[in-house]
Number of protein chains: 2
Amino acid sequence: MSPLALRTRAGQIRRMSSTANQLAAVAACAGDPARANILATLMDGRAFTAGELSGAAGVTPQTASGHLARMTEAGLLSVARQGRHRYYRLASPHVAQMLEGMLVVASEGLPPEKFGPRTAAMRLARTCYDHFAGRLGVSIADSLVAAGHVVLSDDGGTVTAGGRAFFARTGIDLETHRGGRPACRPCLDWSERRYHLAGVLGARIAASCFEHGWVRRRPRERTVDVTPLGRKRFREVYGVQIEEAR
Amino acid sequence: MSPLALRTRAGQIRRMSSTANQLAAVAACAGDPARANILATLMDGRAFTAGELSGAAGVTPQTASGHLARMTEAGLLSVARQGRHRYYRLASPHVAQMLEGMLVVASEGLPPEKFGPRTAAMRLARTCYDHFAGRLGVSIADSLVAAGHVVLSDDGGTVTAGGRAFFARTGIDLETHRGGRPACRPCLDWSERRYHLAGVLGARIAASCFEHGWVRRRPRERTVDVTPLGRKRFREVYGVQIEEAR
DNA sequence: ATGACGTTTCGGAAACGGCCGAAATGTCGC
DNA sequence: GCGACATTTCGGCCGTTTCCGAAACGTCAT
């Protein structure tokens, strides 16, 4: 660690600020291909073992261990030891939101087909930290906006009065959410280039879908599988037609 | 550039994804102290010349030039040539939002006094891309929330019906904003650890304050100065008491 | 034209950081 | 206790990156 090493220079705006150095430290953590792959893998909100993540990063366990330690130290990851495994996950929703923002910037200026997820299953339905993304996520968001249950814009979103009643009917609880009115956040889907629902609302919708067995996680994947029951219910409840996967 | 270099390995989750590599490329751009200082300087939304930015980064103009070229290439910056100067600015609001997210993560886990802006003027009032931050920004947000003009939560924010009337009265136009209802976005202030207003609403408020001469930019600084008129009007309109700077 | 200034390009030197092999630590199952 | 497994630590190799000096390019002023 070089101790700030300020070089004075005439006519400068502002010398090396310590907040910028912290920014650099955090950004550098995500700025390595191996670490970026680990972070992208953890973006679905689940916890993975060090070994699994070393595979995802394409490096040996020793190397991954160093990366994981560094990211944990930097506050990006949190670790839970369980037996001889160590489960790593994103340290906080703020980290997920930061990665979201970086993915949005990374996807700009590149043709979608060169950037987005390559597999059809990924494009169809996947999780993004704690909510749905892909065509499933975008379709649900579109349907809710069309029905007037939520309002989405670049800057944010809201659940309308009608929306609150709708979600109460469909068994999605938004009333227990602290901070007064329930809100939702738009998350720019980098494969669809469209908004889907993040925030508390997105998380509760996804949780509810898992709970009712409408969708299932695929093993060792970030993609999710819509069950036959789910296809039926998505059509009935949201008016969303889910294509058959594969 | 190494051409993907996949190493196959048994039991792995998912090999090196190209989206993660793009993520790494963007993150690496911000992951260097000199570049992070440049980005932090540009976070106030203005454009600076290459020379000014080299001073802010604490490196020679040659070095800064390379950094600026790289960030422009990566889509983080845009450049406008004007005479013998080249003005660099953040390429898009998405980039500002990404940096916002990184600053929030960078500020977590560090005591505020070790992280935040050091100068009193910075803590008091500064710009954050296109809106106010610091105590000024937080106070305005608090006041609007207390008056019931806006609702803020972790996930987003809204302008209430009463708020729309209030802003119309105070000469802040929100009706010409596309996308139906005006929305606002909470921006976590890393010095105050509190939310202030970003998004269209935050930008319009700041623009209006500059326009009416309530605040002025300080030369060569990211801080803003509240004029005597501004102190009076902030008290009258928002009920916000602005401390005398210095 | 000439000189001053802002900016970029090119060169090489030095430092940093990632990677793996080998080995140590800790945990589970028997 | 003893192997098998998951994970971490240590040491050294090697590629990458950053940095600056020197020089070239473009623009403005005289």
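When residues in the range B:131-167 are screened for being away from chain A (no Cβ under 14 Å) and of a type in the set (Val, Ile, Thr), 2 of them pass.
Could you list all residues from the range B:43-68 that are of a type in the set (A, V, I, L, M, F, W, C) and within 10 Å of DNA strand C (Cβ to nearest atom)? Even if it seems obvious, please write down each step before you answer.
Filtering the range B:43-68 for residues of a type in the set (A, V, I, L, M, F, W, C) gives B:43, B:47-48, B:50, B:53, B:56-57, B:59, B:64, B:68.
Those that are of a type in the set (A, V, I, L, M, F, W, C) and within 10 Å of DNA strand C (Cβ to nearest atom): B:Phe48, B:Ala50, B:Leu53, B:Ala64, B:Leu68.
Counted as qualifying within the range B:183-246 are the strands (runs of 3 or more DSSP E) with 3 or more residues that are at the interface with chain A (Cβ under 10 Å from one of its Cβ atoms), namely B:183-189. Apart from one condition, B:Thr72 fits all of (1) more than 16 Å from DNA strand D (Cβ to nearest atom); (2) surrounded by fewer than 18 Cβ atoms within 10 Å (Cβ to Cβ); (3) within 18 Å of A:Ala24 (Cα to Cα); the exception is (1). The residues of the range B:125-159 that are among the aliphatic types (A, V, I, L, M) and either free of Cβ contacts under 8 Å to residues at least 12 places away in the same chain or more than 22 Å from B:Ile38 (Cα to Cα) (or both), listed by number, are B:Leu136, B:Val138, B:Ile140, B:Ala141, B:Leu144, B:Val145, B:Ala146, B:Ala147, B:Val150, B:Val151, B:Leu152, B:Val159.
Rundown of residues vs (1) at pLDDT 95 or above; (2) of a type in the set (A, V, I, L, M, F, W, C); (3) within 16 Å of DNA strand C (Cβ to nearest atom), yes/no style:
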site: B:Arg70; (1), (2), (3): yes, no, yes
site: B:Leu76; (1), (2), (3): yes, yes, yes
site: B:Tyr87; (1), (2), (3): yes, no, yes
site: B:Pro93; (1), (2), (3): no, no, no
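Whether any residue in the range B:45-61 is of a type in the set (D, E, K, R), buried (at least 23 other Cβ atoms within 10 Å of the Cβ) and either within 17 Å of the chain's Cα centre (by Cα) or within 12 Å of DNA strand D (Cβ to nearest atom) (or both) is what I want to check. No, there is no match, as no residue in the range B:45-61 is of a type in the set (D, E, K, R), buried (at least 23 other Cβ atoms within 10 Å of the Cβ) and either within 17 Å of the chain's Cα centre (by Cα) or within 12 Å of DNA strand D (Cβ to nearest atom) (or both).
The values are calculated or read from the model by the stated rules, or taken from the named source; none is laboratory data. Values in this document were obtained by computation on a predicted structure and should not be read as measured data. Heads up, the Cβs are rebuilt from the backbone with ideal geometry, glycines too, and the neighbour counts pull from every protein chain shown.
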